[in-house]
């Protein structure tokens, strides 16, 4: 008796399936626009967060009495639920504006970035600073030519965590109409009881986080060539 052939595997293709591929094929412009919006919101939030965090981190490191209040304030912002923060910002910046979304997203990056910048700077060996002072470097030159470059691994660790976190939080901003892929999930998917946009938005959010993290890791690798041989040196 000849073996019975296994039934062919058919990809989900109907409107009631988990993924309706015809919808994906005919809505590439919608998906692309949502992805671009997600990238833009994330990039702006992390960029502004970094610009704000570095001066605050330098202040927290230089003036020890300021470290507690700075970390306490940014820690409080970090613990506020995103929906509540959108509501609190609404009367000031508008309930459904990009500004509201970005202010909230930036506030969630501050604690992560400040802590990592401070940790990176404090990880610079004191003897390195002493050598720089012996070469005639002033405080500003030591900061920009010695401390910040050597602190890059710690700073990039914070940027990576902040970026991945922000990519997830951007999705929640869909509730105020500014969610990128979250808008795809909410408007095209959940509100229409249609699973395809939900799956597409969720998968692209995860992939975007993975790609962004890998990209930043590559940039860090290029900017910190002195760290490449540490693993081999210890063998």
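Just one of 83, 89 is out of contact with any helix residue (DSSP H, G or I) (no Cβ under 6 Å at 6 or more places or on another chain), assigned to a helix (DSSP H, G or I) and under 17 Å from residue 178 (Cβ atoms); which is it?
Among 83, 89, only 83 is out of contact with any helix residue (DSSP H, G or I) (no Cβ under 6 Å at 6 or more places or on another chain), assigned to a helix (DSSP H, G or I) and under 17 Å from residue 178 (Cβ atoms).
Got a sec? Which of 200, 106 is in a helix (DSSP H, G or I), surrounded by 19 or more Cβ atoms within 10 Å (Cβ to Cβ), more than 16 Å from the chain's Cα centre (by Cα) and at pLDDT 90 or above?
From the options 200, 106, the qualifying one is 200.
Take the conditions in a helix (DSSP H, G or I) and surrounded by fewer than 18 Cβ atoms within 10 Å (Cβ to Cβ) and apply them to residue 218. Does it pass?
yes
Residues in the stretch 51-67 that are in a helix (DSSP H, G or I) and either out of contact with any helix residue (DSSP H, G or I) (no Cβ under 9 Å at 6 or more places or on another chain) or farther than 15 Å from residue 113 by Cα (or both): how many?
So the answer is 6.
At negative phi and in contact (Cβ under 8 Å) with a residue 40 or more places away in the chain: does that describe residue 146?
Against the criterion (at negative phi and in contact (Cβ under 8 Å) with a residue 40 or more places away in the chain), residue 146 does not qualify.
The values are calculated or read from the model by the stated rules, or taken from the named source; none is laboratory data. The structure presented is a predicted model; accordingly, all values stated were derived computationally and were not measured. Because the Cβ atoms are built from the backbone with ideal geometry, glycine has one as well, and the counts that use them run over all protein chains shown.
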